[in-house]
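Undergrad: What follows is a single structure, and I will ask about it in a moment.
The values are calculated or read from the model by the stated rules, or taken from the named source; none is laboratory data. Just so we're clear, the structure is a prediction, and the values are computed from it rather than from any experiment. Every residue, glycine among them, receives a Cβ derived from its backbone with ideal geometry; neighbour counts consider all protein chains shown.
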Amino acid sequence: MEYVAGIDVGSTQAKGVILDEQGALISKAIIDMETNMGTAAEVVFQHVLASANLPARAIAFTVATGYGRYRVTFGDRQVTEISCHARGALAEFPGTRTVLDIGGQDTKAIRIGDSGEVIDFAMNDKCAAGTGRFLGAASFALEMPLSELGPLALQSTRPVRITTTCTVFAETEIIGHLAKGHLPEDVLMGMHYSIATRCASLVRRVGLTPEVTFSGGVSRNQAMVVLLQEVLGTPLNHSAQAQFMGAIGAALYALDNIHLGRRSEHSLKEGAR
Amino acid sequence: MSVMDIGSNRSTTRQQKDGAMDARTAGQRLINQWLASLGTAHERGQHVAYIFVMGNAIEILRAFDFEMAFPEINSLQSGVRKSAPDFIAKAEDFGFSPDVCSYVKADVGLMLSNMMHPSGIQMPEPDLAIASSLCNVYIKWAEIWERRFGTPVFVLDIPGKRFATWKVPPGSPQHKADARWVEGQLRDLIARCEQITGKTFDLDRLAEVETYVNEMVRLWIDILAFNQHRPAPYNSMLDGLTYMGVLNAWRGTPEGVEYMRLLHAEIADKVARGEGRVANERFRLIFSGTPCYVNMRRLIELFESHGGVFPASDYLTYAAGGLDSAGLFYDTSRPLESLAEVTTLAAQMGLSNHFFSHHTLAQQLRDYSADGIVYHGIKSCRTVATSMADNREYVTTRHGMPTLYIESDLIDPRYWSDAQIKNRVDAFFELLEQRRNLAGMKGRE
């Protein structure tokens, strides 16, 4: 049995998966980003190997993706996260025609054709407004774990209108609203709404075409799912693997390579040792 | 270093094998000669005009022997020569907003640096400035010179686009009316030039200048068309920018004609030899928008590393000083009337290319057998970027062509994010590859 790996080195986290030669998910791992992207990639790779109980030489091919893809020294090929997220989303939801991925510093909308090809994509430019960082700022200002933001926001009955989309100024605005006596859940819901409208604009830019699959870490936030569905007017596919879609897509590209008879030079070296 | 260096893929100049000067060396010399001459113009008692690349009536100014300074070119050169950040910072310290056109801010920075240009030339103050209605910043920019130097400013009001599908057939009543409007202004300009220089206007001299322009236009049209060959002999957004720099600076001169002939012959030879700018040309792309002069070489590298070349760009039409590829020639038997007629049509075409370029781009996609379009939005020029979303949608939905939108700036390096741009370019080529593979599979079915 041969295995492939997909490593997604993003701005805030590194994700890794191993698939078997049939494309079944064998193991996955996620770690918070370290200063050194290459080290983070190595660490997540070791985690994913340990979880699968496999030696490095068992990995026949590795594709790296994400901003740090060129820092993955053991990567055999680099593919952008745009292609990888599209591929990963299609693998889990074959009817996907639009992908919305909200990551740590990037939000991307990807339009997919009937043959699974990427037709168009749009990303936030120059500014991290409407990305996971915006929620990170809220988490910091409210001294609350990220995972609790969504559930609390959903309790809101009178969402506050958040005017800034600037991640840097978000904290000031949150504190300002709290100082005026607004409830944290109402401020949070306002923030979620602000992100949702900005992301929906990116989706419309590439042409909203159902099915829409929501990927990336922020897709675990239930309030974002609810709001995006409302703003886009369509249900969203989302799953427990949402954070790993880029890595899964990368591993699927790795699988293509071994089907073409290519093998990793790194694993060959490992094998020789 | 000069403006020529942005297009160079060699660090040193070279001579052709037979000892004759090559176009690159000739162009570099012309740019240096122009700048040097500009720097000493006032010492020689020559008058200096500040003009823009679009709608500048340069033919009349040449007839009065003005030395021409192009503040847009000064600013883009400060980007190429890496001085733009200092100039921009000076303008912002002075109070200009980061959102103001970075060309304007670099020019203000130059003024605040005692007019010492990074080329080493002491830029002369203008004796006359011509602004036109072809860019909404031009007039306000000229007001800065008016206030700072006391420069007489002449604003040419050239009727541009009235609406998206606006077309003025040459010789139509509308064209004649527009031309009369412009001709009246040119006559005013002539009177102003006579007043400033103390010279009498010479109609024969204008006709002579126009003869040179006609020849340059004829050659330029050919040069643009040479890139319809596969592989493209030059990259319109690197080599092409340097050609255009010489074109603008030496428009309407025998030196300009000579340079164009040399360039024409060189590119024709490359075509005959089947020599491409990119060794392995895989994708042909149209570039829409203004360059990021501060990082243009890097941007082109990103595309060329994937075998991508830009055989054409709308920039090479609208920013080529009225030398539009549509082939507008002067009737030198009636030089002034003809200048007015061509100026109005060139303006309408220029503006058309700028703001309603979708039809032109669709035509370029066909003419240059292109695989897609790359749009470059300018952070400090919302005017240029405004039409791009519509345009992109048109090209994608009506023509099914892949497009890429990237954003940086003319010369402000703060808006260049290498990782972001590289990511988008890489993803775009993955998309192009997927598309090509898919077409190949469908072809085999």
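Undergrad: For the structure I just gave you, tell me whether B:F149 is touching a Lys or Arg at 6+ places or on another chain (Cβ under 7 Å), closer than 15 Å to B:Y50 by Cα and at pLDDT 95 or above.
TA: Here the answer is no, as B:F149 does not meet what is asked.
Undergrad: Still on this model: So, in segment B:389-417, exactly how many residues are within 11 Å of chain A (Cβ to nearest Cβ) and outside any strand (DSSP E or B)?
TA: The number of residues fulfilling the criteria is 14.
Undergrad: Tell me whether segment B:162-171 contains one or more residues that are among the hydrophobic types (A, V, I, L, M, F, W, C), surrounded by 22 or more Cβ atoms within 10 Å (Cβ to Cβ) and touching a residue at least 60 places away in the same chain (Cβ under 8 Å).
TA: The answer is no; no qualifying residue exists.
Undergrad: Test each condition in (1) under 22 Å from the mean Cα position of the chain (by Cα); (2) surrounded by fewer than 24 Cβ atoms within 10 Å (Cβ to Cβ); (3) among the small types (G, A, S); (4) over 24 Å from B:G45 (Cα atoms) for B:S102 and report the one that comes out false.
TA: Of (1) under 22 Å from the mean Cα position of the chain (by Cα); (2) surrounded by fewer than 24 Cβ atoms within 10 Å (Cβ to Cβ); (3) among the small types (G, A, S); (4) over 24 Å from B:G45 (Cα atoms), only one is false for B:S102: (2).
Undergrad: Condition check: within 13 Å of chain A (Cβ to nearest Cβ), crowded, with 19+ Cβ neighbours inside 10 Å, within 20 Å of the chain's Cα centre (by Cα) and not in a loop (DSSP other than H, G, I, E, B). Does B:I373 satisfy that?
TA: Against the criterion (within 13 Å of chain A (Cβ to nearest Cβ), crowded, with 19+ Cβ neighbours inside 10 Å, within 20 Å of the chain's Cα centre (by Cα) and not in a loop (DSSP other than H, G, I, E, B)), B:I373 qualifies.
Undergrad: Can you name every residue in segment A:1-56 that is under 19 Å from the mean Cα position of the chain (by Cα) and of a type in the set (F, W, Y)?
TA: The answer is A:F45, and nothing else.
Undergrad: Could you check segment A:193-202 and list, in sequence order, the residues that are touching a strand residue (DSSP E or B) at 6+ places or on another chain (Cβ under 7 Å) and more than 14 Å from chain B (Cβ to nearest Cβ)?
TA: A:C199
Undergrad: Which residue out of B:S338, B:S352, B:S380, B:S387 is crowded, with 21+ Cβ neighbours inside 10 Å, at pLDDT below 85 and within 23 Å of B:S132 (Cα to Cα)?
TA: B:S352
Undergrad: Could you tell me which residue of segment B:400-445 is modelled with the highest pLDDT, considering only residues that are crowded, with 19+ Cβ neighbours inside 10 Å and of a type in the set (G, A, S)?
TA: The qualifying residue modelled with the highest pLDDT is B:A427.
Undergrad: Residues being farther than 18 Å from B:V104 by Cβ and within 12 Å of chain A (Cβ to nearest Cβ): count how many of those fall in segment B:378-388.
TA: Final tally of qualifying residues: 1.
Undergrad: Taking the condition among the aromatic types (F, W, Y) and closer than 27 Å to B:D418 by Cβ, does A:Y3 pass?
TA: no
Undergrad: May I ask you to say which residue of A:G95, A:G116, A:G104 is surrounded by fewer than 24 Cβ atoms within 10 Å (Cβ to Cβ), touching a Pro at 6+ places or on another chain (Cβ under 9 Å), within 28 Å of A:K28 (Cβ to Cβ) and within 14 Å of chain B (Cβ to nearest Cβ)? If you could, list the steps in order and put the result at the bottom.
TA: Values: A:G95 fails: within 14 Å of chain B (Cβ to nearest Cβ); A:G104 fails: touching a Pro at 6+ places or on another chain (Cβ under 9 Å).
Every option except A:G116 fails the conditions.
Undergrad: Follow-up. Residues that are surrounded by fewer than 21 Cβ atoms within 10 Å (Cβ to Cβ) and modelled with pLDDT of 95 or more: list the helices (runs of 4 or more DSSP H) wholly contained in segment B:239-334 that include at least 2 such residues.
TA: Details: elements: B:239-249, B:254-273, B:296-304, B:315-318.
Counting at least 2 such residues, we get B:254-273, B:296-304.
Undergrad: Which condition number does B:P159 fail, the rest of (1) in contact (Cβ under 8 Å) with a residue 24 or more places away in the chain; (2) in contact with a strand residue (DSSP E or B) (Cβ under 8 Å, 6 or more places away or on another chain); (3) of a type outside the set (S, T, Y) being met?
TA: (2)
Undergrad: Would you point out the residue of segment B:130-146, among those that are in contact with a helix residue (DSSP H, G or I) (Cβ under 7 Å, 6 or more places away or on another chain) and at pLDDT 95 or above, that is farthest from B:F94 (Cα to Cα)?
TA: B:A131
Undergrad: Check B:R366 against each of (1) buried (at least 19 other Cβ atoms within 10 Å of the Cβ); (2) within 24 Å of B:F428 (Cα to Cα); (3) more than 13 Å from every other protein chain (Cβ to nearest Cβ) and name the one condition it does not meet.
TA: (1)
Undergrad: Could you tell me whether any residue of segment B:420-429 is of a type in the set (S, T, N, Q), at the interface with another protein chain (Cβ under 8 Å from one of its Cβ atoms) and within 23 Å of the chain's Cα centre (by Cα)?
TA: Checking segment B:420-429: not a single residue is of a type in the set (S, T, N, Q), at the interface with another protein chain (Cβ under 8 Å from one of its Cβ atoms) and within 23 Å of the chain's Cα centre (by Cα).
Undergrad: Of the numbered conditions (1) more than 27 Å from A:D106 (Cα to Cα); (2) over 20 Å from the mean Cα position of the chain (by Cα); (3) not basic (K, R), B:T360 satisfies every one except a single condition; which is it?
TA: (2)
Undergrad: Additional query: Given the structure, is B:E210 surrounded by fewer than 20 Cβ atoms within 10 Å (Cβ to Cβ) and either touching a residue at least 12 places away in the same chain (Cβ under 8 Å) or in a helix (DSSP H, G or I) (or both)?
TA: No: the conditions fail for B:E210.
Undergrad: Pick from A:G130, A:G150: which is among the small types (G, A, S), assigned to a loop (DSSP other than H, G, I, E, B) and away from every other protein chain (no Cβ under 14 Å)? First the steps, then the outcome.
TA: Working: A:G150 fails: assigned to a loop (DSSP other than H, G, I, E, B).
Unique residue meeting the criteria: A:G130.
Undergrad: Suppose we filter A:T163, A:T96 for residues that are touching a strand residue (DSSP E or B) at 6+ places or on another chain (Cβ under 9 Å) and assigned to a loop (DSSP other than H, G, I, E, B); which single one remains?
TA: A:T96
Undergrad: Which ones in segment A:40-59 are under 15 Å from A:T73 (Cα atoms) and hydrophobic (A, V, I, L, M, F, W, C)?
TA: A:A40, A:A41, A:V43, A:V44, A:F45, A:A56, A:I59
Undergrad: Checking A:Y67 against (1) without any contact (Cβ under 8 Å) to a residue 40 or more places away in the chain; (2) within 14 Å of chain B (Cβ to nearest Cβ); (3) part of a loop (DSSP other than H, G, I, E, B): exactly one of these is not met. Which one?
TA: Of (1) without any contact (Cβ under 8 Å) to a residue 40 or more places away in the chain; (2) within 14 Å of chain B (Cβ to nearest Cβ); (3) part of a loop (DSSP other than H, G, I, E, B), only one is false for A:Y67: (1).
Undergrad: Another one. Scan segment A:70-92 for residues that are of a type in the set (A, V, I, L, M) and either buried (at least 24 other Cβ atoms within 10 Å of the Cβ) or within 10 Å of chain B (Cβ to nearest Cβ) (or both) and jot them down.
TA: Once the filter is applied, which keeps residues that are of a type in the set (A, V, I, L, M) and either buried (at least 24 other Cβ atoms within 10 Å of the Cβ) or within 10 Å of chain B (Cβ to nearest Cβ) (or both), segment A:70-92 yields A:V72, A:V79, A:I82, A:A86, A:A89.
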